[in-house]
1. Quick one: which of Lys54/Lys94; Lys43/Lys164; Lys43/Lys70; Lys70/Lys164 span more than 25 angstrom between C-alpha atoms?
2. Taking θ as phi - 60°, what are the ³J(HN,Hα) couplings along the stretch 85-90 by the Karplus curve (6.51, -1.76, 1.60), each to the nearest whole Hz, with x for Gly and Pro?
3. Taking the stretch 1-104, which GluC sites (Glu not before Pro) meet the DSSP loop condition and have no more than 13 other C-beta atoms within 10 Å?
4. For the stretch 34-39, just list the computed ³J(HN,Hα) in residue order, Karplus coefficients 6.51, -1.76 and 1.60, θ = phi - 60°, integers in Hz, with x standing in for Gly and Pro.
5. So how many Å³ per residue does the convex hull of the Cα atoms of the stretch 1-138 work out to?
6. Report, by chain and number, residues whose modeled amide H sits under 5 Å from the one on Asn67, excluding near sequence neighbours (fewer than 5 apart, same chain).
7. Can you pull the three principal axis extents for the Cα set of the stretch 34-106, in Å, largest first?
8. Name the residue from Met42, Trp27, Asn119 whose Cα lies farthest towards the positive end of the charge dipole of the stretch 1-133, charges +1 on Cβ of Lys and Arg and -1 on Cβ of Asp and Glu.
Amino acid sequence: MKVLFSTLTGLVLVIILAAVIIGSIFWSRLPDMIANHLSEQMKVDVSIANLRAKWEEIDINQIRVANLPKSVLANAFTCQQIAIIAPYFNYLKKNVIIEEIHLDSVYLGLEFDSASSTNGNWTRIMSNLQASTGTPAQPASRKKKKQEKPLVESKSDRTLLIRKLVLTNIDVDVYYRDWE
């Protein structure tokens, strides 16, 4: 009986050790997996240097969203640090509430087709994202006359509320492809 107990204890310890090792390997690869997923959806290169999770905060360090091919500006977005403050259980609710998002050292590269056009690099990047997620694009200028039931129900009726958004050290480049 004593041998069986020590064997089971040893087996449990090996399983726990294997789970910890596999979990740490998965966690170290998580920024790359997220970046690859976003790259596939947006059809541009995305990189994330580091991802840290604390009890009520997620820190993302050195995120970069490259620009589309044949763009003049190299990057569409970079940010040194993004801190998302919200308890983890909030992400499981139907109505997600994030207390604060803090973006530090932000770069935004905007390229427009012309000086009078709103179409540009971010229009195409977001169109790629919407096409890959199956979300229908809705023009921002469309006004709602009355609350209508959509023809196609969405997969999720989840909502997101960001209570506070803090942007520090912002740098924006704007480039017009064709001057009219």
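1. Correct reply: Lys43/Lys164; Lys70/Lys164.
2. Each residue's phi maps through the Karplus curve to give 10, 5, x, 4, 5, 5 Hz.
3. Glu56
4. 5, 4, 5, 5, 5, 4
5. So the per-residue hull volume is 172 Å³.
6. Sorted by chain and number, the residues that satisfy this are Asn75, Ala76.
7. 42, 25, 18 Å, listed from the longest principal axis down.
8. Sorting the options by dipole projection puts first Trp27.
Coordinate-derived values only; no laboratory data. A quick note: this is a predicted structure, and the numbers were derived from the prediction, not measured. Cβ atoms come from the backbone with ideal geometry, glycine included; neighbour counts cover every protein chain shown.
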